[in-house]
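Asker: Just dropping this structure here.
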Amino acid sequence: NIFRGDMMMPHRRYRGQINVPDMFTRLLYSIVMTGLAPASFYEAGPGGTRAHAHYDGLPVDFIAGAMVGIGCQPQRGIRTYNIVNHHRDDGVSLDSVVDWVGSAGYAVEREGDHAQWLNRFEAKLNALTEAQRQHSSIAILQLFRQPFPASEAAIGCRHFVAAVGTLPVGPEVPQLTEAYIHKYLDDMQGLGLLPAGRRPITGAA
């Protein structure tokens with residue numbers, strides 16, 4: 001079996017088990033510490049509306065369970081599994097994540113002009129201490145210099161989706177939720193990355 005993964009995100013249950021240096025954690029940290037986000041991370045929809053975009057991340061415990069489950073099934077030949085959050089119509093995007101940072105109790109100002117947001121964002125990141133900058137998006141700002149396309153070509157994952165339907169971790173590939181992002185932020189608090197004292201994190205992922 002060949003497994004081709006995308007963004008692996010923290011465990012849905014274990015606290016503090018996060019990949020601190022990855023780009024998603026850095027982005028969450030930077031949004032919280034600067035209090036800034038663009039009106040949208042994506043190219044605008046018709047009439048300037050917010051794009052109906054999607055983010056492909058999946059929790060690592062689900063990915064691990066799927067890989068183990070598939071690996072235990074006997075089969076002949078070589079099969080490739082693209083491990084993808086295939087719910088492309090769910091509208092759960094980086095913009096949703098910013099909404100959920102706000103609902104977790106962190107103040108976030110949305111800047112309508114993308115270039116202006118990036119300039120302000122970079123200035124605020126540069127104003128952080130050296131230790132704080134090490135956890136921030138300062139080194140990967142080039143990724144955000146232009147809004148992302150709202151619609152990108154979907155990666156084929158029918159073998160993966162079908163296999164998950166037969167496994168204990170299934171029968172569905174999970175979607176990202178508000179409670180899950182709140183738990184992620186709580187993980188970051190528990191590791192001392194984010195300041196404590198925000199509104200308590202509630203709900204299950």
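The values are calculated or read from the model by the stated rules, or taken from the named source; none is laboratory data. The structure displayed is predicted, hence computed values, not measured ones. As a convention, Cβ positions derive from the backbone with ideal geometry for all residues, glycine included, and neighbour counts pool all protein chains shown. For the accessible areas, the whole protein counts, side chains as well, though only heavy atoms, and no ligand, DNA or RNA atoms are used. Shrake-Rupley method; radii C 1.70, N 1.55, O 1.52, S 1.80 Å.
Asker: Which members of segment 44-68 meet the condition of being under 20 Å from GLY156 (Cβ atoms) and either β-branched (Val, Ile, Thr) or not in a loop (DSSP other than H, G, I, E, B) (or both)?
Answerer: Matches in segment 44-68: LEU58, PHE62, ILE63, ALA66, MET67.
Asker: Those residues that are of a type in the set (Gly, Ala, Ser) and touching a Pro at 6+ places or on another chain (Cβ under 6 Å), I need them from segment 7-41; list them, please.
Answerer: Filtering segment 7-41 down to residues of a type in the set (Gly, Ala, Ser) leaves 16, 30, 35, 37, 39-40.
Answer for segment 7-41, where residues must be of a type in the set (Gly, Ala, Ser) and touching a Pro at 6+ places or on another chain (Cβ under 6 Å): there is none.
Asker: While we're looking at this one, here's another question. From the list ARG12, ARG76, which residue is over 27 Å from VAL108 (Cα atoms) and part of a loop (DSSP other than H, G, I, E, B)? Spell out how you get there, then give the answer.
Answerer: Numbers: ARG12 fails: over 27 Å from VAL108 (Cα atoms).
So the residue among ARG12, ARG76 that is over 27 Å from VAL108 (Cα atoms) and part of a loop (DSSP other than H, G, I, E, B) is ARG76.
Asker: Please go through segment 157-194 and pick out each residue that is in a loop (DSSP other than H, G, I, E, B), open to solvent by 60 Å² or more (accessible area, probe 1.4 Å) and within 25 Å of GLY71 (Cα to Cα).
Answerer: Scanning segment 157-194 gives THR166, PRO168, PRO171, GLU172, GLN175.
Asker: Condition (residue is in a loop (DSSP other than H, G, I, E, B) and either farther than 21 Å from VAL108 by Cα or touching a helix residue (DSSP H, G or I) at 6+ places or on another chain (Cβ under 9 Å) (or both)) applied to segment 24-33: is it met by at least one residue?
Answerer: Looking through segment 24-33, none of the residues is in a loop (DSSP other than H, G, I, E, B) and either farther than 21 Å from VAL108 by Cα or touching a helix residue (DSSP H, G or I) at 6+ places or on another chain (Cβ under 9 Å) (or both).
Conditions tested, residue by residue: (1) of a type outside the set (D, E, K, R); (2) within 22 Å of ALA162 (Cβ to Cβ); (3) in contact with a helix residue (DSSP H, G or I) (Cβ under 8 Å, 6 or more places away or on another chain).
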position: MET8; (1), (2), (3): yes, yes, yes
position: PRO46; (1), (2), (3): yes, no, no
position: THR49; (1), (2), (3): yes, no, no
position: HIS52; (1), (2), (3): yes, no, no
position: TYR55; (1), (2), (3): yes, no, yes
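Asker: Here are the criteria: (1) open to solvent by less than 10 Å² (accessible area, probe 1.4 Å); (2) part of a loop (DSSP other than H, G, I, E, B); (3) of a type in the set (Val, Ile, Thr). Tell me which single one VAL92 does not satisfy.
Answerer: For VAL92, the exception is condition (1).
Asker: Consider ARG120 carefully, then state whether it is assigned to a strand (DSSP E or B) and surrounded by 13 or more Cβ atoms within 10 Å (Cβ to Cβ). If you could, list the steps in order and put the result at the bottom.
Answerer: Numbers: assigned to a strand (DSSP E or B): no; surrounded by 13 or more Cβ atoms within 10 Å (Cβ to Cβ): yes.
Here the answer is no, as ARG120 does not meet what is asked.
Asker: Looking at PHE41, PHE24, which one is without any contact (Cβ under 8 Å) to a residue 60 or more places away in the chain and of a type in the set (Phe, Trp, Tyr)?
Answerer: Unique residue meeting the criteria: PHE24.
Asker: Out of THR49, THR80, THR34, which single residue is among the β-branched types (Val, Ile, Thr), within 26 Å of GLY112 (Cα to Cα) and either in contact (Cβ under 8 Å) with a residue 40 or more places away in the chain or buried (at least 16 other Cβ atoms within 10 Å of the Cβ) (or both)?
Answerer: THR34
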